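Take a look at the structure below.
Derivation of every value follows stated rules applied to the coordinates shown; laboratory data play no part. What you are looking at is a predicted structure, and each value in this text was computed from that prediction instead of being measured. Note that we place each Cβ from the backbone using ideal geometry, even for glycine, and neighbour counts take in every protein chain shown.
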Amino acid sequence: MTGFGETGFGELWETLLPLGRDPETGGYRRYSYTDADLACREWFASAAAQRGMRASTDRNGNLWAWWEGPGSSGKAVLTGSHLDSVPDGGAYDGPLGVVSAFAAIDQLRARGFAPARPVAVAAFCEEEGGRFGLACLGSRLLTGATDPAAAGELRDGDGVTLAEAMAGAGLDPQEIGPDEDLLSGIGAAVELHIEQGSALGGLGAAVGIAEGIWPHGRWRLDFTGRADHAGTTRLADRRDPMLPYAAAVLEARQAASSCGALATIGKVTAEPGAANAISSSVRAWLDARAPDQGVLDHMVGQIESAARRAADAQGVEVGVRRESFTPPVEFDPALRARLAAALDARGIVAPVLPTGAGHDAGVLAARLPAAMLFVRNPSGVSHSPAEHAEPGDCAAGVTALAAVIEELAG
Ligand code: GLV
Ligand code: MN
Ligand code: MN
């Protein structure tokens, strides 16, 4: 692929592209500690080695590569993103930030920049929660935002625990938990990410600066009814969990629309899964996001009430459990101002945007100054194989990130 400019991005990008891509859908299935993820981990180690950067894996399975010049000291500048994906995710969500980080370092080295502070490239583990269900798991564990013992017991769809998966990958699950030594050595974090919307396109800008992240979370809805024969059970005698599930889906759309928020049921399983039987149970996951906490609570309450009402009417039991939650995030105003000034000084126009998408930088923001750069996504589509960024915009992202690293590590 060409058009990435002189940033060195293209070569590295090409080596990552085939890993974990499904040949049928063209989407990525890079789930933590699977073969695809292990291949991405090897790719990261090799990218670090090619640059003479010291690489390590922390106690939570997050990957680190360090650029430490002879004169660098003090707290590090952290950049990077994640390499895991949602089911059939796009190529850019996460990897764009990791590849851009290495390419920005290449660019800075090529112009003889010597960092006064160490620069760390990180790839956080299980950002999407695609295997174990808890988004930003690696950064939550690092910062102490989630309980290590409970995390170790999280199970994937086949019943494998996080602890077992980590042990299978040669890591010690006894070590899972906050890492204050590592955290205390970081002065600021800047994650570059593809925009997951199309605002930059409308504004005619290749890169933007994140303002903050909407509060958001995931709730698991368990509807338990009674399996029965589809051809003989009278409608009045059924306890069909599919009906309150359907009511919850419709209410999610209705409540989100009336609240000016977002609610999505994108994953559902039905047991036993026969076309000619009423289901015994339906499990669905609600993803809800809103501009503020009050609106989010109100909307989720409305959806839960509708699910309970419909379940009662059908003689179905319903359980609602919050699986993850991220409070509102406002990225550090002083750090954002430094980013804006560094970009402005180089003539880079970078509008400020809010987002409803979750990011490791949002989790890190609770413990240290954090900020984000977004790269234009012409269609705005994300969490889909159709996700795309133009090569010239990827190059612009690398140049912007290099400017930011130069400002923070100089
Ligand atoms: C992460 O991509 C999210 O779900 O917001
Ligand atoms: Mn994502
Ligand atoms: Mn992401």
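Modelled label-to-label distance, residue 184 and residue 298, 7 Å Cα→beta-carbon offset: nm?
The modelled label-to-label distance comes out at 4.4 nm.
Where is the GNM fluctuation largest for the chain (alpha-carbon springs, 10 angstrom cutoff): 167, 36, 206?
Among 167, 36, 206, the largest mean-square fluctuation in the Gaussian network model of the chain belongs to 167.
Kindly work out what percent of the DSSP beta bridges joining two residues of the chain are antiparallel, to the nearest 5. Provide the component values of the computation, followed by the final result.
Working: 46 of 66 bridges.
Among the beta bridges of the chain, antiparallel pairing accounts for roughly 70 percent.
Nearest 0.05, what FRET efficiency do residue 51 and residue 116 give at R0 = 30 Å with Cβ-Cβ as r?
Once rounded, the FRET efficiency stands at 0.95.
What angle do you read, to the nearest 10 degrees and between 0 and 90, between the alpha-carbon axis of helix 391-409 and the longest principal axis of the chain?
Long axis of 391-409 versus the principal axis of the chain: about 70 degrees.
Nearest 0.05, what FRET efficiency do residue 35 and residue 341 give at R0 = 45 Å with Cβ-Cβ as r?
Between residue 35 and residue 341 the formula returns 0.55.
Please work out whether region 73-155 counts as rounded, prolate or oblate from its C-alpha gyration tensor, where a ≥ b ≥ c are the square roots of the eigenvalues and a/c under 1.5 means rounded, while otherwise a/b larger than b/c means prolate and anything else oblate?
oblate
Rounded, prolate or oblate, given the Cα gyration tensor of region 251-410, with a/c below 1.5 counting as rounded?
prolate
Please compute the modelled spin-label separation between residue 174 and residue 237, points set 7 Å along Cα→Cβ, answer in nm with one decimal.
5.8
Please identify, among 131, 21, 234, the residue showing maximal mean-square fluctuation in a Gaussian network model of the chain using a 10 angstrom Cα cutoff.
234
When the chain is modelled as a GNM with alpha-carbon springs shorter than 10 Å, which of 99, 320, 77 fluctuates the most?
For the chain, modelled as a Gaussian network with Cα springs under 10 Å, the answer is 320.
Where the centroid of each part is defined by its Cα atoms, how far is region 352-389 from region 10-42 in Å?
Region 352-389 and region 10-42 have Cα centres spaced 20 Å from each other.
In nm, to one decimal, how far is the modelled label at residue 386 from the one at residue 24, with both set 7 Å along Cα→Cβ?
2.0
Enter the angle in degrees (range 0 to 90, nearest 10) between the Cα long axis of helix 333-345 and the first principal axis of the Cα atoms of the chain, meaning the one along which they spread out most.
In the chain, helix 333-345 runs at an angle near 50 degrees to the longest axis.
What value, in deg cm²/dmol to 500, does the helix sum -39500 (n - 2.57) over DSSP H runs of n ≥ 4 give at 222 nm once divided by the residues of the chain?
Working: 13 runs with 146 residues, N = 410.
Counting only the DSSP helices, I get -11000 deg cm²/dmol.
Starting from the Cα gyration tensor of region 173-261, take the square roots of the eigenvalues, sort them a ≥ b ≥ c, and report rounded, prolate or oblate (rounded when a/c is under 1.5, otherwise prolate if a/b is larger than b/c, else oblate).
Cα axes put region 173-261 in the oblate bin.
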